[in-house]
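Peer 1: Shown below is the structure under consideration.
The values are calculated or read from the model by the stated rules, or taken from the named source; none is laboratory data. Here the structure is a predicted model, which is why all the values come from computation and not from measurement. Neighbour counts run over all protein chains shown; Cβ positions are idealised from the backbone, glycine included. Areas reflect the complete protein model, heavy atoms only, side chains present, ligands, DNA and RNA absent. Shrake-Rupley method; radii C 1.70, N 1.55, O 1.52, S 1.80 Å.
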Amino acid sequence: QVQLVESEGGLVQPGGSLRLSCVASGNIFSINAMGWYRQAPGKQRELVTSITPGGITNYADSVKGRFTISRDGASNTVYLQMNRLQPEDTAVYYCNAGIILRSPYKYLEVWGQGTQVTVSS
């Protein structure tokens, strides 16, 4: 029906940068909020950042000033620019979106498959 496909993460040195992308495709009528979550080993999944269709953003305190979320409505894509990465940013990052399907007309919360980001020297 609908899926979110994330770009590959990777291994980054502390202080480095990485950009993730996530594309929604399928039976889409419209997309509400999109966001990024992460889950580190032994920890619960946490919200990193989110963005509304109008561009209103929300960030976890731990990433404010370092991470930037953006979206392209025309291509159903959300991006996460991560700067000044720290070892504590190491986690599996998941894309999330609230999607209204075209047919049948209904709302779904959809998750990406997750991508590993490792920050280490």
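Peer 1: Considering only region 76-91, I want to know if a residue exists there that is part of a loop (DSSP other than H, G, I, E, B) and either hydroxyl-bearing (Ser, Thr, Tyr) or open to solvent by less than 10 Å² (accessible area, probe 1.4 Å) (or both).
Peer 2: Going residue by residue through region 76-91, those that are part of a loop (DSSP other than H, G, I, E, B) are 76, 83-86, 90.
After this cut, where a residue has to be either hydroxyl-bearing (Ser, Thr, Tyr) or open to solvent by less than 10 Å² (accessible area, probe 1.4 Å) (or both) as well, the list is 85, 90.
Within region 76-91 (the criterion being part of a loop (DSSP other than H, G, I, E, B) and either hydroxyl-bearing (Ser, Thr, Tyr) or open to solvent by less than 10 Å² (accessible area, probe 1.4 Å) (or both)), the answer is yes, since at least one residue qualifies.
Peer 1: Moving on to the next point. Within region 1-15, is there a residue that is over 29 Å from residue 105 (Cα atoms) and either of a type in the set (Val, Ile, Thr) or without any contact (Cβ under 8 Å) to a residue 12 or more places away in the chain (or both)?
Peer 2: Taking region 1-15 and keeping what is over 29 Å from residue 105 (Cα atoms), we get 8-15.
Of the ones still in play, those that are also either of a type in the set (Val, Ile, Thr) or without any contact (Cβ under 8 Å) to a residue 12 or more places away in the chain (or both) are 12.
Scanning region 1-15, I find at least one residue that is over 29 Å from residue 105 (Cα atoms) and either of a type in the set (Val, Ile, Thr) or without any contact (Cβ under 8 Å) to a residue 12 or more places away in the chain (or both), so the answer is yes.
Peer 1: Turning to a different aspect of this structure: I'd like to check something: does region 11-20 contain any residue that is over 14 Å from the mean Cα position of the chain (by Cα) and in a strand (DSSP E or B)?
Peer 2: The first filter runs over region 11-20 and keeps only residues over 14 Å from the mean Cα position of the chain (by Cα), leaving 11-17.
Right, trim to in a strand (DSSP E or B) and you get 11-12.
Yes, that holds for at least one residue.
Peer 1: Being in contact (Cβ under 8 Å) with a residue 60 or more places away in the chain and on the phi > 0 side of the Ramachandran plot is the filter here; which residues of region 53-85 pass it? Write out each step before concluding.
Peer 2: Filtering region 53-85 down to residues in contact (Cβ under 8 Å) with a residue 60 or more places away in the chain leaves 79-85.
84, the sole residue that qualifies.
Peer 1: Take residue 1 and decide whether it is of a type outside the set (Lys, Arg), touching a Gly at 6+ places or on another chain (Cβ under 7 Å) and open to solvent by 30 Å² or more (accessible area, probe 1.4 Å).
Peer 2: On the way: of a type outside the set (Lys, Arg): yes; touching a Gly at 6+ places or on another chain (Cβ under 7 Å): yes; open to solvent by 30 Å² or more (accessible area, probe 1.4 Å): yes.
Criteria met by residue 1.
Peer 1: Determine whether residue 2 is of a type in the set (A, V, I, L, M) and more than 25 Å from residue 101 (Cα to Cα).
Peer 2: Values: of a type in the set (A, V, I, L, M): yes; more than 25 Å from residue 101 (Cα to Cα): no.
In short, no.
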